[in-house]
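One structure is given here, and the rest of the page talks about it.
The values are calculated or read from the model by the stated rules, or taken from the named source; none is laboratory data. This is a predicted model, so every value here is computed, not measured. Here the Cβ is made from the backbone with ideal geometry for all residues, glycine too, and neighbour counts use every protein chain on show.
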Amino acid sequence: MKATIITIGDEILIGQIVDTNSAWMAQELNKIGVHVFEIITINDDKDHILSAFAKAESQSDIVLVTGGLGPTKDDVTKATICEYFDDELVLDEQVLEHVTQLFAKYVKDPMVDMNKAQALVPSKAEVIKNNYGTAPGMWLERNDVIFVSMPGVPFEMKEIMTNGVIPRILENPDLPFIHHRTILTAGQGESTIATRIEEWENALPEHIKLAYLPSLGTVRLRLSTFGTDKTIVEKEVDDQIKQLYSLIADIIVGESNNESLVDQVSRLFKEQNKTLATAESCTGGKIANLITEIPGASAFFKGSTITYATQSKIDILGVEESLIKTNSVVSEQVAEAMAVAAKKKFKSDYAIATTGNAGPSKGDSDAAVGTVFIGIATDSESFAIKFMMGNHRERVIQKTVNKSFELLQKELLKKPAN
């Protein structure tokens, strides 16, 4: 089954917002064996939408459309759908009741005709309830091609896809079984890894595909294949993964099919019943931010300090001023002291600290731009490690965040879970 994803909205084309919907839908469709043939973004223009619909219909089995379902005049998707399907808008009483209830519960202003118009849907459409908003999803079919129109608000679209669209697609008996396994590596770049596994990669069967997915400080290696027999498909990929482990086990830090490195570290803390605190300078709270995005992080994350200025390291963490003057605020000694102080302050089992010069100027330290120290404190030891992260501010910060989670994972894997 082939799919085309169409996102509608001037705000995407002018860069006002980023289209995250398409990436999420493509990932979810791939999981169930639907091949995304094309992703396009168009403006809120009837002729452009009609042209995109026609092209998508000619090359796809299913067309997923997001955006343009709001109540204002610039939202033209429903009217354009009616023109494309030679249809008309009719009032759906169930949708109207749903909109009325939402307004009564969450909105102080009274409903106006513009809000009630959200309950107008093409007569040929099957309505998919939107539990989180006023614009329903709509399922239509033409010439054996499925069209699904959904709101552009990400959490509303995900609700409709997850509970209304994907289960129905899965009813198709001809969908192939797709199997992915993704190995997460750290410490070497993709070109170095490619050289190490070149012979193995060249010997891969044609139906098993390898993808290199580099990020700052990490590279994911994803093996994918598909077929009708789940057992055979899984065994083929699993056998190749065993060979991969034999070649690069020293840089493999885990598997990340549905788990990021942050997810893995969070899971390890929970499994081992250990706690964590952070003291961040050059990363400005980004480590803590990623942790708190994980549901249930309060089970292990005690808290964080952002001691960005030199004086705050002294006042908040209690790092000795003489230590900073002797060694520099960007130093191994200060990073270690920050970690030890954070562990003590929050009474945690582990603490991690960052201090560095992300650039473009040197700031309070003579350390070269890109110099970073990451400190770790545990119940048995404390230490700090120096890294050179390059000369691009954003990359320095992100690489430091990634390296911090990599170091935490290594520390946690030193000890068996309780």
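The table below gives the values:
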quantity: Answer residue from region 317-360, given it is among the basic types (K, R) and within 33 Å of the chain's Cα centre (by Cα) and is farthest from C282 (Cα to Cα) among those; calculated: K347
quantity: Residue count for region 242-264, restricted to those that are at pLDDT below 95 and either surrounded by 17 or more Cβ atoms within 10 Å (Cβ to Cβ) or under 25 Å from the mean Cα position of the chain (by Cα) (or both); calculated: 14
quantity: Condition check for F373: at pLDDT 95 or above, more than 22 Å from L413 (Cα to Cα) and of a type in the set (F, W, Y); calculated: no
quantity: Within region 373-412, tally of residues that are assigned to a loop (DSSP other than H, G, I, E, B) and surrounded by 18 or more Cβ atoms within 10 Å (Cβ to Cβ); calculated: 2
quantity: Every residue from region 193-205 that is touching a residue at least 24 places away in the same chain (Cβ under 8 Å) and more than 16 Å from D250 (Cβ to Cβ); calculated: L204, P205
quantity: Which numbered condition Q118 fails, given (1) closer than 24 Å to L50 by Cβ; (2) without any contact (Cβ under 8 Å) to a residue 40 or more places away in the chain; (3) touching a helix residue (DSSP H, G or I) at 6+ places or on another chain (Cβ under 6 Å); calculated: (2)
quantity: Contacts under 6 angstrom Cβ, first residue in region 51-77 being in the same structural domain as K158 (by the TED database), partner assigned to a helix (DSSP H, G or I) and of a type in the set (G, A, S), 6 or more apart; calculated: V63/A56; P71/A117
quantity: Test for F387: is it among the aromatic types (F, W, Y), over 27 Å from the mean Cα position of the chain (by Cα) and at pLDDT 95 or above; calculated: no
quantity: Filtered residues of region 317-369 (kept if within 22 Å of S298 (Cβ to Cβ) and free of Cβ contacts under 8 Å to residues at least 12 places away in the same chain); calculated: K344
quantity: Close pairs from region 287-307: first surrounded by fewer than 13 Cβ atoms within 10 Å (Cβ to Cβ), partner aliphatic (A, V, I, L, M), Cβ under 8 Å, at least 6 apart; calculated: E293/V262
quantity: Number of the condition not met by A341 [criteria: (1) surrounded by fewer than 22 Cβ atoms within 10 Å (Cβ to Cβ); (2) in contact with a helix residue (DSSP H, G or I) (Cβ under 9 Å, 6 or more places away or on another chain)]; calculated: (1)
quantity: Region 176-225, subset of a type in the set (G, A, S) and closer than 22 Å to K31 by Cβ, residue modelled with the highest pLDDT; calculated: A211
quantity: Residue tally, condition among the polar types (S, T, N, Q) and more than 28 Å from K399 (Cα to Cα), over region 190-218; calculated: 1
quantity: Region 206-221, residues that are surrounded by fewer than 17 Cβ atoms within 10 Å (Cβ to Cβ), out of contact with any Asp or Glu (no Cβ under 7 Å at 6 or more places or on another chain) and without any contact (Cβ under 8 Å) to a residue 60 or more places away in the chain; calculated: E206, H207, K209, A211, L213
quantity: Hits in region 165-176 (condition: touching a residue at least 24 places away in the same chain (Cβ under 8 Å) and either on the phi > 0 side of the Ramachandran plot or out of contact with any Gly (no Cβ under 6 Å at 6 or more places or on another chain) (or both)); calculated: V165, I166, R168, I169, L170, N172, D174
quantity: Filter result for E190 (surrounded by 20 or more Cβ atoms within 10 Å (Cβ to Cβ), among the charged types (D, E, K, R) and in contact (Cβ under 8 Å) with a residue 24 or more places away in the chain); calculated: no
